[in-house]
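Just below is one structure, and these are the notes that go with it.
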Amino acid sequence: MVRLGHRQPMDQNDERSMMSRAAWLYYVGGLNQEEAATRLGTTRARVNRLLGQAREEGIVSITLDTSENGMLEIEEALRDHFGLARVISTPELGFTHLQDTPPALLEFPRRGTGSVAARMLREFLSSNPSAVVGTGWGRTLDQITRHLAGLRAPNAKFVSLMGSLTANSAFNPFEVVQALSRSTGGDGYFLPVPFIADSPEDREILLSQRTVSRVLNMAQNTDLSLISVGELTENSLLRQSDMITPAEAQELIEAGAVGDTNGIFFDANGRPVDHILNRRTIAVGFEDLSRSHTVLLSAGVEKAAATTALLKSGIVNSLVIDGDTARRIHEIT
């Protein structure tokens, strides 16, 4: 008499039958490996091996409906190409150029990207509740603060990665840090100095202040850094906020700059350019960012070239991006 769970060994010739039975129970019947092993009168380890053999020998073939994969293939391509730990993209909306985007939808890429980044921040803080998180500035980073309801991280610290005193922008680092600390119950720290000093000499004087150097040291040693990228055009936030003049923008272009992050201007290979503005900006530098887990937020197809350049710098570990910009970068790399 053969009892359930103690079946007699099958003949060697029936191995393929065992593969088929194991595969049917697991993939079609919905049993887990332990349940399938009990049903077949064998061990879980053998079921695992049978399933692997079934795939190798073609008894089981797995097909995917790639129409449901969303941006997965492009995410993986960008991750491999730029050597990133993680790429997360929002769905495509069909925007190809800034001028093609209906005015009512201009905020959609930023909102989507900010929402995804907020989810990533939630995950990070749930595993690292006492982390030090550095933040830059901008409209996309501002969106993170709007998607953190209910997140509590009272032991976390949020610190600005750049000078926080800007005269006329609602998206400055001080506001971002304050919003994050209010939402989570964590502590907020900001650099109480201008974003761009009047001269390199003034920058050195400001950095020598004890209160500034203490916060800067924290900003240079973060566990996670959230940065955005700006294109060097008249539509950029820097120009719209009059943080740089048209003449300075032209000089930067002539020096090879294609964009900025935290007010540090870089060329097509992601290297900071030789321009006096880079010696006046008060911000955590690329070397410090490369020691943190740096997450780049990019939203808007107009930022594709600047984003591509910054990804070449090697300072970015993870990328959160809107679908249209992700596709554009995939096409040009």
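Bear in mind that the values in this text are calculations on the coordinates, not laboratory data. What you see is a predicted model; the values in this text were computed from it and never measured. Positions of Cβ are backbone-derived with ideal geometry, glycine not excepted, and every protein chain shown enters the neighbour counts.
Taking Gly114, Gly150, Gly185 in turn, the Gaussian network model of the chain (Cα-Cα springs below 10 Å) assigns the largest fluctuation to Gly150.
Each residue of the range 129-146 is assigned a 3J(HN,Hα), and the resulting list reads x, 10, 5, 9, 10, x, 10, x, 9, x, 5, 6, 4, 4, 5, 4, 5, 8 Hz, derived from the Karplus form 6.51 cos²θ - 1.76 cosθ + 1.60 (θ = phi - 60°), x at Gly and Pro. A simple rule links phi to the HN-Hα coupling: the Karplus curve 6.51 cos²θ - 1.76 cosθ + 1.60 with θ = phi - 60°, which for the range 222-233 gives 8, 7, 9, 10, 10, 10, 10, 10, x, 7, 9, 9 Hz, with x for Gly and Pro. Of the residues Ile282, Ile205, Ile59, the one with the fewest other Cβ atoms within 10 Å heads the list, and the complete ranking is Ile205, Ile59, Ile282.
For Cα Rg over 2.2 N^0.38 Å, the value calculated from this model appears in (i) 1.07; (ii) 1.30; (iii) 0.91 under label (ii). For the range 114-223, applying the loop criterion from DSSP together with a ceiling of 13 other beta carbons within 10 Å to the trypsin sites (Lys or Arg not before Pro) yields Arg152. Rounded to whole numbers, the Karplus 3J(HN,Hα) couplings from phi for the range 194-204 are x, 4, 10, 6, 5, 7, x, 5, 4, 4, 5 Hz, using 6.51 cos²θ - 1.76 cosθ + 1.60 with θ = phi - 60°, and x at Gly and Pro. Listing Asp324, Asp142 from fewest to most neighbouring C-beta atoms within 10 Å gives Asp142, Asp324. Taking amide H positions as modeled 1.01 Å from N, with prolines and chain starts lacking one, the residues under 5 Å from Val193 and 5 or more places away or on another chain are Ser164, Leu165. In the chain, the longest principal axis of the Cα atoms and the axis of helix 173-184 are about 40 degrees apart.
Most simply put, the range 66-332 has about 25% antiparallel DSSP beta bridges, counting only bridges with both residues inside it.
Per-residue extension of 0.36 nm, minus the Cα-Cα distance of Asp198 and Ser127, leaves a gain of 21.4 nm for this segment. GNM on the chain, alpha-carbon springs under 10 angstrom: the most fluctuating residue among Ile227, Ile264, Ile276 is Ile276. Computed from Cα atoms, the angle from the helix 210-219 axis to the main principal axis of the chain rounds to 30 degrees. Relative to the longest principal axis of the Cα atoms of the chain, helix 108-127 runs at roughly 70 degrees.
Within the range 230-333, the trypsin sites (Lys or Arg not before Pro) that combine a DSSP coil assignment with at most 15 other C-beta atoms in a 10 angstrom radius are Arg291.
Counting neighbouring beta carbons within 10 Å and listing from fewest to most, the residues Phe82, Phe95 come out as Phe82, Phe95.
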